[in-house]
1. Name the one entry in Ser9, Ser70, Ser31 that is of a type in the set (S, T, N, Q), modelled with pLDDT under 90 and farther than 30 Å from Ser258 by Cα.
2. Return the only residue of Lys124, Lys155 being buried (at least 16 other Cβ atoms within 10 Å of the Cβ), under 25 Å from Asp214 (Cβ atoms) and at pLDDT below 95.
3. Report, ordered by the first and then the second residue, all pairs with beta carbons closer than 6 Å, sequence separation of six or more or different chains, a first member in the stretch 208-220 that is open to solvent by 10 Å² or more (accessible area, probe 1.4 Å), and a second member that is aromatic (Phe, Trp, Tyr) and part of a strand (DSSP E or B).
4. Residues in the stretch 274-292 that are among the β-branched types (Val, Ile, Thr) and under 22 Å from the mean Cα position of the chain (by Cα): how many?
5. Of the numbered conditions (1) in contact with a strand residue (DSSP E or B) (Cβ under 9 Å, 6 or more places away or on another chain); (2) of a type in the set (Gly, Ala, Ser); (3) in contact (Cβ under 8 Å) with a residue 24 or more places away in the chain, Ala248 fails exactly one; give the number of that condition.
6. For the stretch 44-87, what are the residues that are within 17 Å of the chain's Cα centre (by Cα), within 28 Å of Arg280 (Cβ to Cβ), open to solvent by 20 Å² or more (accessible area, probe 1.4 Å) and among the polar types (S, T, N, Q)?
7. Pick out the one residue from Leu305, Leu319, Leu300, Leu339 that is of a type in the set (A, V, I, L, M) and in contact with a Lys or Arg (Cβ under 9 Å, 6 or more places away or on another chain).
8. Among (1) at pLDDT below 95; (2) open to solvent by less than 20 Å² (accessible area, probe 1.4 Å); (3) in contact with a strand residue (DSSP E or B) (Cβ under 9 Å, 6 or more places away or on another chain); (4) more than 30 Å from Gly264 (Cα to Cα), which single condition is Leu41 missing?
Amino acid sequence: MKENHIEKSFSSAKRFHKKVNHAPTVEELCSGLRNGNRSMLAQAITLIESNADHHFKKGQELLQQILPFSGNSVRIGITGVPGAGKSTFIDSFGMYLCDQGMKVAVLAVDPSSKRSGGSILGDKTRMEQLSRTELAFIRPSPTGGKLGGVHRKTKESIALCEAAGYEVIIVETVGVGQSEVLVRDMVDFFMLLVLTGAGDELQGMKKGIMELADGIVVNKADGENEAAARKTRDEYNQILHFLQPSTANWETRAHVCSSLYNKGIEEIWRTIDQFIHETRQSGVFEERRRKQTKDWMHALITDQLQLQFYAHEKIKELLPQLERAVVDGDQTVTSAVDLLFKYFYEKK
């Protein structure tokens, strides 16, 4: 009898209950953001990145509440050729801003991340200094290709960071191609990072990418490479002289810097600061922000329509059949598309 009592007591003592994590309410998230709580900011971004219907509605409610507190940052887009040292530059540039007392958020965008397995997660580890300071927040911004992709998730992440008090938002493009255009439509100042050897590099660089830039930075201008970097800067400035500037009444210029030795970083920030000051005075800054918001709305309409089209039961049934018919040459592409939309618009 005594043994049974001891065994029962021991069994009872070992029993435990799994702790249930309490999902913060919209009010708690909003309050946390307004108090600059980084954990709450991370949870808020996770919420708006979710594709679940109940998360989507909760996320939109949160965004509605923080809307009056957004829009007060300087948004900087940064892209660059492979090996240009984007992460090292952002680490050095971000630390300079933090040393000036500013709060900096970094969002890394990679539209191809779902194919490459989330390689953007490595950026945080490469920004060693910035990831350790309390004034900075670093977050990969996966797109998933659903419900707005880059436009919705990154734009809403920017708004959340602004509500949390971050004064400078850096959006880094990790992918190549369309990501530059997408990020250009989200930021105020767009920066292109390049390496030395402009002559060879310009041969393979699309003219359109250079025309998106408000500033070009020749990185790794240190040691034996410094003279070559200055020569590359001059070559870019000659080319830029003949290109249409990305921003009205602003002359895009090339600069040199060494992220490793923090040389030229202050000059780049002065250029951005001058850009913000001049565009605000001329009205270009606000006009660009308004246009970006309108374009964002139209992009979401397109995304929502695409999502609904491919989620339609009849479309899911017919699409494989019509794809085979088109590939086999039994039906024209136009007639196949017309037939799909006929079933899509039919009343259920």
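The values are calculated or read from the model by the stated rules, or taken from the named source; none is laboratory data. Keep in mind that what you see is a predicted model, and the values were worked out from it rather than measured. Glycine gets a Cβ as well: all are built from the backbone with ideal geometry, and neighbour counts include every protein chain shown. Heads up: the accessible areas ignore ligands, DNA and RNA and are worked out on the full protein's heavy atoms, side chains in. Shrake-Rupley method; radii C 1.70, N 1.55, O 1.52, S 1.80 Å.
1. Values: Ser70 fails: modelled with pLDDT under 90; Ser31 fails: modelled with pLDDT under 90.
Being of a type in the set (S, T, N, Q), modelled with pLDDT under 90 and farther than 30 Å from Ser258 by Cα holds for just one of Ser9, Ser70, Ser31, which is Ser9.
2. Working: Lys124 fails: under 25 Å from Asp214 (Cβ atoms).
Result of the check over Lys124, Lys155: Lys155.
3. As it stands, the answer is Leu212/Phe190, since those pairs meet every condition given.
4. Filtering the stretch 274-292 down to residues among the β-branched types (Val, Ile, Thr) leaves 276, 279, 284.
The next check asks that each one be under 22 Å from the mean Cα position of the chain (by Cα); those that pass are 276.
Number satisfying all stated conditions: 1.
5. Going through (1) in contact with a strand residue (DSSP E or B) (Cβ under 9 Å, 6 or more places away or on another chain); (2) of a type in the set (Gly, Ala, Ser); (3) in contact (Cβ under 8 Å) with a residue 24 or more places away in the chain one by one, Ala248 breaks only (1).
6. Ser70
7. Numbers: Leu305 fails: in contact with a Lys or Arg (Cβ under 9 Å, 6 or more places away or on another chain); Leu319 fails: in contact with a Lys or Arg (Cβ under 9 Å, 6 or more places away or on another chain); Leu339 fails: in contact with a Lys or Arg (Cβ under 9 Å, 6 or more places away or on another chain).
The unique qualifying residue is Leu300.
8. (1)
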